[in-house]
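Read through the structure below, which is laid out as structure tokens, and then see the notes.
What follows is calculated from the coordinates using simple rules that are stated; it is not laboratory data. Computed from a predicted model, the values in this text were never measured in an experiment. For neighbour counting, all protein chains shown are included, and Cβ atoms are generated from backbone atoms with ideal geometry for every residue, glycine included.
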Amino acid sequence: MPAPPCAYARRVPIPRVDPDAPPTRLKRALMPFALSKAGLWYGINVASRLDPKLMKLSRGRVNLGGGVLPTVLLTVRGRKSGVERTVPLVYFSEGDDVILMASSFGRPKLPAWYHNITASPEVTLTAGGVSERYRPAEVEGPERDALFEKAKQIYEGYGMYEEKTAGIRRVPVLRLTQVTKPSQATP
């Protein structure tokens, strides 16, 4: 049985990721592979299948990318099935908000999680040992464009995905706001 929450307990947000921070040496060294055909295959066929299990076991602390790209686990209920689905996604932060791209590796169709998240009032994000509830909202217009440019600073592949989907679809950008802000104490 879990311990009851105490008055001084604070909710902790998902670890913040600054898109303006310079890339690490490891990220600079591994990015050419990540942007290659082999890296794309690895991302789609290996990492996206094994990372949910690995990240669940480690509460979002360990993934197959070796921490090169900031990764969060998104858990959302299926809009048709009602079954919870979990998918690893690259993210960054703007204040306390988490920003996600529905890129689907540049494939023509939107990812299934995008349809589920737009039909769901709340989702769970897990990263860095923290799991919290968030409310998703799609971002449009100039704000969407500015956030997408920041996303390309985190992962250059988003630019390639944008080119691959040009004329087919636009990569949606989602802002997720924590349901209970970190500064609020839990009763």
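Please compute the length gained on full extension between Ala166 and Arg49, using 0.36 nm multiplied by the number of residues separating them and subtracting their Cα-Cα distance. Let's see the in-between values first.
Details: separation 117, 0.36 × 117 = 42.12 nm, distance 2.68 nm.
Length difference between fully extended and current span is 39.4 nm.
Using only the Cα atoms of segment 25-178, build the gyration tensor, take square roots of its eigenvalues as a ≥ b ≥ c, and label the shape rounded, prolate or oblate: rounded if a/c is under 1.5, else prolate if a/b is larger than b/c, else oblate.
Judged from the Cα gyration tensor, segment 25-178 comes out rounded (a/c under 1.5).
With a simple spin-label model that places each label point 7 Å from the Cα along the Cα-to-Cβ direction, the separation between Lys152 and Val179 comes to 3.6 nm.
Among the listed pairs Lys27/Lys152; Lys56/Lys80; Lys80/Lys164; Lys27/Lys150, those whose Cα-Cα separation exceeds 20 Å are Lys56/Lys80; Lys80/Lys164.
Inter-label distance, Ala137 to Arg28: 3.8 nm, where each label sits 7 Å from its Cα along the C-beta direction.
Taking the chain as a Gaussian network of alpha-carbon nodes connected by springs under 10 Å, the highest mean-square fluctuation of the residues Leu147, Leu50, Leu176 belongs to Leu50. For Lys53, list the aspartates and glutamates whose Cα falls under 20 Å from its own Cα; do not include residues on the same chain fewer than 8 positions away. Candidates past the 8-residue exclusion: Glu84, Glu132.
The relative contact order of the chain comes to 30 percent, based on Cα pairs under 8 Å that sit 6 or more residues apart.
For the chain, what does -39500 (n - 2.57) per DSSP helix run (n ≥ 4), summed and divided by total residues, give at 222 nm, in deg cm²/dmol to the nearest 500? After summing the helix terms and dividing by the residues of the chain, the value is -8500 deg cm²/dmol.
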